[in-house]
1. In the range B:122-154, what residues are buried (at least 19 other Cβ atoms within 10 Å of the Cβ), of a type outside the set (D, E, K, R) and within 13 Å of residue B:174 (Cα to Cα)?
2. For the range B:69-90, name all the residues that are aliphatic (A, V, I, L, M) and either in contact with a Ser or Thr (Cβ under 9 Å, 6 or more places away or on another chain) or outside any loop (DSSP other than H, G, I, E, B) (or both).
3. Identify all residues within the range B:123-145 that are hydrophobic (A, V, I, L, M, F, W, C) and either assigned to a loop (DSSP other than H, G, I, E, B) or at pLDDT below 90 (or both); write none if there are none.
4. In the range A:154-204, how many residues are modelled with pLDDT under 80 and part of a helix (DSSP H, G or I)?
5. Tell me the strands (runs of 3 or more DSSP E) entirely within the range B:1-44 that contain at least 2 residues that are out of contact with any strand residue (DSSP E or B) (no Cβ under 6 Å at 6 or more places or on another chain).
6. For the range A:256-269, enumerate the residues that are surrounded by fewer than 19 Cβ atoms within 10 Å (Cβ to Cβ) and either within 11 Å of chain B (Cβ to nearest Cβ) or in a helix (DSSP H, G or I) (or both).
7. Do we have residue A:289 as under 30 Å from residue B:108 (Cα atoms) and touching a Gly at 6+ places or on another chain (Cβ under 7 Å) here?
Amino acid sequence: MYIFIIRRILSIIPVLFGITVFIFLIMHVIPGDITSILLGTEATPELKEQLKEKLGLNLPLYQQYWNWLLGVLVGDFGESLRTGAPILPEILNRFTLTFELTIFASIIAWVIAIPLGIIAGIHRNTKTDIGLRIVSLMGVSVPNFALATLLILVLSLQFNYFTPVDYVGFFENPLKNMERLFLPALVLGTAMAGSIMRMTRSSILEVLRQDFVRTARAKGIKERAVIFRHAFRNAMIPILTVIGMQIGFLLGGTVIVEQIFSLPGLGQYVLTGITQRDIPVVQGSILFIAVMFVTINLIVDLLYGYLNPRISYK
Amino acid sequence: MKTENILEVTDLKTYFFRGKKIFKAVDGVSFHIEKGETLCIVGESGSGKSITSLSIMGLIPEPGGRIESGSITFDGKDLTSITKKEMMSIRGNDVSMIFQEPMTSLNPVLTIGFQVMEPLIEHRKWKKKNAKEKAIELLNMVGIARADEIFHSYPHQLSGGMRQRVMIAIAISCDPKLLIADEPTTALDVTIQAQILDLLRTIKDDIDSSILLITHDLGVVAEMASRVIVMYGGQIVEEATVEEIFDFPKHPYTKGLLGSVPKLEEERDRLIQIKGIVPSADKYPKGCRFAPRCKFARSECFDNEIMLRKVNSKHFVRCVLYDDPLVKIKEEKK
C-alpha cells in the first residue's frame with residue numbers, strides 16, 4: 001500500500017516536469033510582452049531593455065526556465081511581474097476559496113445526482129426514468145454562464161435578493177461564507193449532477209443485470225438491501241471516476257463562474273495572469289493546479305482499492 | 001397418496017412479452033416433488049427449464065416476464081397468489097437456489113462470510129456473532145478447509161469449485177425444504193463436478209430436503225435423480241423414473257437425447273444428433289412441438305395439440321405413437 005503510494009508519487013514527477021516545460025514554452029510563444037504592458041505603448045526600446053534585464057527576461061530561455069525551476073523546487077514560485085507580490089501565498093489564498101467552492105458544489109451534485117440516478121436506473125424506461133433523463137440532460141447541456149446569469153437576474157429582479165459581495169472565510173463567518181458561495185456552488189453543482197446522474201443510472205443498470213444481484217434476490221433479502229448493499233457499492237466504481245475528474249477540473253478554478261460571481265478564486269488569478277503576460281503567475285498557478293489534479297487522481301485510485309477488493313496495491 | 005408433496009406445480013404458464021410478441025417460455029407445465037426426492041428437469045437451452053425454476057422462486061426477469069396462469073403450491077401455500085413480502089420470507093429460507101455460474105454469482109465486493117451470514121441475519125434475525133459461528137460451520141459442512149480464514153476472504157480469492165461450495169453453503173443456511181439447483185455443475189471441471197454432486201447428495205440427506213435439479217447433462221441425471229422430467233418447447237414431453245427414462249425411453253426426443261450421449265461400450269463413428277433446432281418460444285408449431293424434427297412424425301402430429309399420455313402409473317409421454325397399439329407391440333417385441 002505505502003509502496004504503491006510512493007510509486008504513484010514518483011510517477012507523477014515526470015508528468016509535472018513535462019507540464020512545466022510545456023507551460024513555459026507556450027507562455028513564450030504567445031505574442032506581446034510584459035514590458036509593453038508595464039511601461040505602456042509610449043516606452044522607448046532602451047527602457048524596455050532595462051526592464052527586461054531587471055526581470056531576468058534577457059537571459060536565454062533555458063536559463064530562465066532553470067532559474068524558475070530551481071525556485072519552485074524549494075517552494076519559491078517567484079513574484080508576480082506586475083505587482084511584485086510573491087506568487088505562492090497568493091495561490092494558496094485563492095485556492096482556499098476554490099477548494100471550498102469545489103467541495104460545496106460536489107456535495108450539491110452528489111445529493112441531487114446519486115439518488116436520482118439510482119431511481120432512474122431501477123425504474124428503467126418508465127416515465128420517471130425518462131423525466132429524470134431529460135432533467136439530467138438539461139443539467140449537462142445548459143451552459144454555466146447562462147444558468148449563473150439567469151439565477152442572478154431572477155433572484156435580483158423578481159425577489160430583490162443580492163448575494164453578498166465581499167468574501168469572508170468559512171471559519172470567520174460560516175453562514176455568510178455559505179451564503180456567498182451558495183449560488184456559484186449551485187451553478188457548478190447542477191452541471192456536475194447531470195453527468196454523475198447519467199453515470200449512476202447506467203452503472204446501476206449494468207450492475208443490476210449481474211448474476212450476484214440475482215443471488216442476493218434469491219436470498220430473500222429486502223429490495224432496498226439488494227440495491228444498496230449489493231448493487232450500489234459495485235456501481236460506485238465508474239461513478240467515482242467521473243467524480244474524481246470533475247473535482248480535478250473544479251480545483252483548477254472555474255474561470256467563468258468566478259468571474260460572474262466576482263469571486264477571487266484561482267481561475268480568475270490565472271486568467272489575469274494570461275492577459276497580462278505575467279509568466280511566473282501563470283506558470284506557478286498551472287503547476288499548482290496540475291499537482292492538485294494528480295493528487296485527486298491518486299486519491300481516487302486509493303478509493304478504488306477500498307471499494308473493490310479485487311484491486312490490491314501490493 | 002403415500003408420501004407428501006413438498007411442491008406441486010399445476011398448469012404453469014410463464015410468458016414473456018416483448019412488444020407484440022409473446023414468448024411462451026413455460027407453457028402448461030405440471031409436476032410435483034415428493035418430500036426427500038430429487039427431481040431432474042432435462043432439456044436443451046430454451047426448453048423452459050430454467051424459467052420453470054425461476055417461476056418457483058418468484059424471480060422471473062422483469063419487466064416483460066410474468067406467470068400468466070397456473071399454480072405453484074409449496075408446502076401448502078400457493079406461491080403465485082401470496083404477497084411479495086411473504087414470498088421474500090420464503091425465498092432463501094424454505095426454498096433456495098444454486099445457480100449455474102459460481103464465478104459471477106457471488107458479490108465481488110463483500111466477504112464470503114458476510115454473504116453466507118446474510119440469509120441467517122435476514123430470516124432468522126440472528127445476531128452477527130451467532131451467524132458467524134453458523135456460517136463457519138456451514139463452510140465446514142460444504143467441505144471448505146480453513147473455513148475461518150475463508151470467512152474473511154473475497155470471492156475472487158476462491159476457485160470456481162470453492163465458490164460453488166460457498167453458494168451451496170448460502171443456499172442451505174436456513175435448512176430449506178426445497179433446494180433448486182440450476183445447472184450447478186455445468187461451469188465446473190469434470191472432477192469438481194463429481195465432488196459437487198456428491199456434496200449435494202450428502203447435504204440433501206443431512207438437512208432432509210428435496211432437490212429440484214435442472215440440467216442438460218444426462219450423466220448428472222443418472223447420478224442424482226429419482227424421477228426425471230424431459231422438457232421441450234416449454235412443455236413436459238416425458239416424465240418417468242430415472243430407470244425407465246434410461247431403459248425404456250418413449251418420446252422420440254428423449255430417445256434422441258439419449259442417443260446423443262457417447263457410450264464406451266459401443267463403437268460409433270458419429271454421435272446421433274437430433275436434426276434442426278428448438279423452435280423459438282414465440283412461434284411454436286401448431287401440433288406437436290417436436291414434430292418438425294421428429295423422424296416418426298405423421299400428419300396428425302401437425303394438426304392438433306398433443307396431450308400427455310399415461311404409459312404406466314409413473315411414466316407419461318406426450319406423443320401420439322403410444323396410442324397406436326401396433327407401435328406399442330413392436331416396442332415390446334424389441
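The values are calculated or read from the model by the stated rules, or taken from the named source; none is laboratory data. This is a predicted model, so every value here is computed, not measured. With ideal geometry, Cβ positions are generated from the backbone for all residues, glycine too; neighbour counts draw on all protein chains shown.
1. B:123, B:131, B:135, B:138
2. Let us first name the residues in the range B:69-90 that are aliphatic (A, V, I, L, M), namely B:72, B:79, B:82, B:87-88, B:90.
Across the range B:69-90, the qualifying residues are B:72, B:79, B:87, B:88, B:90.
3. Answer for the range B:123-145, where residues must be hydrophobic (A, V, I, L, M, F, W, C) and either assigned to a loop (DSSP other than H, G, I, E, B) or at pLDDT below 90 (or both): B:126, B:141, B:142, B:144, B:145.
4. Final tally of qualifying residues: 10.
5. Hits in the range B:1-44: B:5-18.
6. Listed by number, the residues that qualify are A:256, A:259.
7. No.
Yes/no matrix, rows are residues, columns are (1) within 9 Å of chain A (Cβ to nearest Cβ); (2) free of Cβ contacts under 8 Å to residues at least 60 places away in the same chain:
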position: B:103; (1), (2): yes, no
position: B:109; (1), (2): yes, yes
position: B:145; (1), (2): no, yes
position: B:148; (1), (2): no, yes
position: B:157; (1), (2): yes, yes
